[in-house]
Amino acid sequence: MKDFEELVSVPQLDQSELYSKWKKFINGVPLGQEKIFNETLMAWQRCADLGISPYNLRIEELSKEELSYRQGKLTEVLKLLDAHIETVKKTVSTHSTSYCISVADRDGYIMMAINEPGPEPIPFGPGLSPGRCFAEKYVGNNAIGTVLATGQPIAVIGPEHYVQTLHRLSCVGAPIFDISGEIIAVIEITTPTGFESPYTFSLLVAVATAVQAGLRQNLVERQLKETSKVLDQILQQRDIIFNSMSQGVVILNKDGVVIFFNKAAEKIWDLKSEEVDGKAFDCLFQDKCPRQEPLLIKTISEGIAFTNIECKCRNNRERKNLLVNTSLLVDENNAVAGVIGIYTDVTELRRQEERIKEQEKLAVVGQMAAGMAHEIRNPLTSVRGFAQLMSEKQAIDQAVLKEYLEIMINDIDQADGFINHFLQLSRPKPPVKKVSLINDLINDFVRIFESQAFLQGTKVNTQLKDVPPVIMDANQIKQVLLNLCQNSLQALRLGGALTLTTTYISKEKMVRIEIIDNGPGISPVNLKKIGIPFFTTKDTGTGLGLSISYSIVDKHQGRIEVESQEGSGTRFSIYLPVDEQ
């Protein structure tokens, strides 16, 4: 504003005195240094150095094509100025009915001009019209050219113009800067000399400042849009990469809310991303994870990552063995911004490992069985034969001896039955498989078994869903059901309930048979020993029933899983492949 005050004081000088100074300058007469006149003197000196004639006005004009091209480059500025033009017109018209509002580009070419001739038309033959250039090198000092030369708002009044043709004009100009600080345009107001107003200067500076603010705002908006576009692309790439992974990927924000849930995670947890996005992770998974605090939440609360932690979880359908790795996400201030969890489903791997272990156990036991059965059965056969022979030859009065011999024969038969079971582990009978309806087999089995359960006061229930046919040896699978149901019945003792269910697991192409009791459950220690030959908690058990059941189901390319919790009952799950034809 200091420079502005110096410039607007120029009209206070006598116009004839200004003209006199101009006349002296162009005739080479030295002029004294006057503070109020210094800017004008420097402008005249620039014009003289450029070789501009003070008596002839040189007009440079663009072609229509070039003008259209340059106007296109200045479209943003012209649009921003539209919002202020009416205010400028109203203000200027209060002190001059004749005026021209123009906008020039950085080279001084007028891009837009609003001419209001009024009763006192602007005394300028060529006129201020689009395409004409008002750079100092062509027309001398003026409100457009001098603003471009100095980079400052300026007013040029009457005889201050170096070219005499412009002496009857007063013009005020203000620069418009782009984001980099370079002049992008000049807004200018021209009136006849004597009709200028000091308020015009302040108005143009305010308009130029508003346009610059608009340019900055537009740039920020463009940058935000571009950033948003780039972010969308990054998120798309993230989704493509993460959704192509076989591991489940879950991302939470710092508040533990799910913000990403990939396709593999959907499969692991049997949940759609739409069901979990924007919801608290610990609330969604509190009934699926046995840990008091899920590892993802613990990573946020403790600020530490976890590597290769195996968790046994359960989705809506089945148990899962998951290998969990977590990592903290931090912001630019190194503060916790969230957490990412990578879940590797090792359920099938663990099943294979368990199957191999069972096969190894059975192989060892089978080898033992083959040798032991040969060594034991031969003498037992002889003993039984002689006991039977003696029994048949005893007199009737020797009833006691006969009773003892019968006991011997029964015990030998029992030992022989044990050996037969033992041999089944070493030389299992291959299943004779055919397509069967598992629900029919279960219904037939229950009709026979429920009478045994009734005597104990146990109720047998069935919940059988529509399932595809199964490829199996019906007699062997019935034996498995009998072994498992008798174990449950013995655990229930008096009362209780036993439930048999069937479900089709489409992704595995298997039918699951569940045998569920509400008995006392199995301790964690004993649960690990389930299926080991000779392990039993019953006084009269052999510990071979479950081993044989595991062996039979394994020969059917299936598996047995067991879940139990002390005080909450036990669940045995038998998985058998369906007929895919």
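The values are calculated or read from the model by the stated rules, or taken from the named source; none is laboratory data. These figures come from a predicted structure and were not determined experimentally. A quick note on method: Cβ atoms are made from the backbone with ideal geometry, for glycine too, and the neighbour counts reach across all protein chains shown. Only protein heavy atoms, including side chains, enter the accessible area calculation; ligands, DNA and RNA are left aside. Shrake-Rupley method; radii C 1.70, N 1.55, O 1.52, S 1.80 Å.
Miscellaneous remarks
- Among the residues of the stretch 446-454, not a single one is surrounded by fewer than 19 Cβ atoms within 10 Å (Cβ to Cβ), small (Gly, Ala, Ser), at pLDDT 85 or above and outside any loop (DSSP other than H, G, I, E, B).
- Residue check for Lys312: assigned to a strand (DSSP E or B) and open to solvent by 60 Å² or more (accessible area, probe 1.4 Å): yes
- Total residues in the stretch 470-496, condition over 15 Å from Phe445 (Cα atoms) and surrounded by fewer than 16 Cβ atoms within 10 Å (Cβ to Cβ): 4
- When Ser197 is tested against (1) within 19 Å of His95 (Cα to Cα); (2) surrounded by fewer than 16 Cβ atoms within 10 Å (Cβ to Cβ); (3) polar (S, T, N, Q), only condition (2) is not met.
- Scanning the stretch 143-177 for residues that are within 15 Å of Asn56 (Cβ to Cβ), open to solvent by 10 Å² or more (accessible area, probe 1.4 Å) and either free of Cβ contacts under 8 Å to residues at least 40 places away in the same chain or touching a Gly at 6+ places or on another chain (Cβ under 8 Å) (or both) yields Tyr162, Thr165, His167.
- Taking the criterion of being polar (S, T, N, Q) and over 19 Å from Lys254 (Cβ atoms), the residues of the stretch 284-324 that qualify are Gln286, Gln292, Thr307, Asn308, Asn315, Asn316, Asn321.
- For the stretch 117-154, the set of residues classified as modelled with pLDDT under 90 and either under 60 Å from the mean Cα position of the chain (by Cα) or basic (Lys, Arg) (or both) consists of Leu128, Ser129, listed by residue number.
- In the stretch 60-100, of all residues being of a type in the set (A, V, I, L, M) and not in a helix (DSSP H, G or I), the one that is farthest from the chain's Cα centre (by Cα) corresponds to Leu62.
- Of the set (1) modelled with pLDDT under 70; (2) over 43 Å from the mean Cα position of the chain (by Cα); (3) within 25 Å of Thr347 (Cα to Cα); (4) surrounded by fewer than 17 Cβ atoms within 10 Å (Cβ to Cβ), all apply to Lys529 but (2).
- Checklist (1) farther than 30 Å from Thr503 by Cβ; (2) of a type in the set (Val, Ile, Thr); (3) in contact with a strand residue (DSSP E or B) (Cβ under 6 Å, 6 or more places away or on another chain) applied to Ile297, failing item: (3)
- Counting residues in the stretch 495-516 that are on the phi < 0 side of the Ramachandran plot and in contact with a Gly (Cβ under 6 Å, 6 or more places away or on another chain) gives zero.
- Test: Ile268 is touching a Gly at 6+ places or on another chain (Cβ under 7 Å) and either of a type in the set (Val, Ile, Thr) or in a loop (DSSP other than H, G, I, E, B) (or both): yes
- In the stretch 267-309, the residues that are among the β-branched types (Val, Ile, Thr) and surrounded by fewer than 19 Cβ atoms within 10 Å (Cβ to Cβ): Ile304, Thr307, Ile309
- Residue list for the stretch 90-114, restricted to those being over 21 Å from Val147 (Cα atoms) and either surrounded by 13 or more Cβ atoms within 10 Å (Cβ to Cβ) or touching a His at 6+ places or on another chain (Cβ under 6 Å) (or both): Thr91, Ser93, His95, Ser96, Thr97, Ser98
- Qualifying residue in the stretch 24-32 (condition: at pLDDT 90 or above and touching a helix residue (DSSP H, G or I) at 6+ places or on another chain (Cβ under 9 Å)): yes
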